[in-house]
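Structure first, commentary second.
Since every read-out is calculated from the coordinates, none of them should be taken as a lab result. Given the structure is predicted, the values throughout are model-derived calculations rather than measurements. Here the Cβ positions follow ideal geometry from the backbone for every residue, glycine too, while neighbour counts run over all protein chains shown.
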Amino acid sequence: MSQATGRPYKLYNKLDHDKAEIRILTIHPSWRLAAPRECTLSKASLSDKPVYGALSYVWGDPSVTTPIIVNGVEVQVTTNLDSALRHICQERFPLILWVDAICINQEDLAERSQQVQLMGKIYSQAEGVMVWLGEAAEKSDLALAKIEEWTRALLRRGIRDVSTFKQKKPWLSTSEVGRGPGGVGHGYIKNPVQRSN
């Protein structure tokens, strides 16, 4: 068991690297906010074009964890991941995601290396990518409003790929984004992947 994750090794079946296999996580709907999230982990081949979303987030302190249930097994995840799952999950439909901390066996160095090589494909083949920026903090609404304003301005100018866009000044000074008491979480959700029953 990993000290950081408390994850039993038996949770993971071996992936076939030649078939570009990954694991995807189905987060089951729940109306019980205080209960651990219940999930199912399954294998899929990228060659088969599985339908899933990807979650990008800051892992947070690995020593501060909370339980979720994966395939009937209690798994410790960082509180930041738990917060993301609670904010993005639906009450009525399962949500299908690729989440690196859970979908990759973090204790298997060979698997981690192989999965890192597939990350470009994993993110590009996802139906959408959800970015969890964390719980709200003082002035975080201001920061998100600025990002939205810049995005609209770039789109008006016809710039769709900002990876090649150069700007003389940084977009956001870290001094502008204060830290403060938590509130509603902030994140960006593009095309969340849901499976209806």
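Overview of results
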quantity	calculated
Between segment 13-50 and segment 62-80, the Cα center-to-center distance that results, in Å	15
Nitroxide proxy distance, nm - points 7 Å out along Cα→Cβ at residue 49 and residue 148	3.4
Karplus-derived 3J(HN,Hα), 6.51/-1.76/1.60, for each residue of segment 147-155, Hz, glycine and proline x	4, 4, 4, 5, 4, 4, 5, 5, 5
Point-to-point label distance, residue 107-residue 71, nm (Cα→Cβ direction, 7 Å offset)	1.3
Positive-end extreme of charge dipole, segment 87-137 - chosen from 129, 116, 88 (charges on Cβ)	129
Spin-label pair residue 138/residue 61, simplified geometry with 7 Å Cα→Cβ offset, distance in nm	2.0
Local net charge near residue 57, Cβ-Cβ under 12 Å (Lys/Arg +1, Asp/Glu -1)	-3
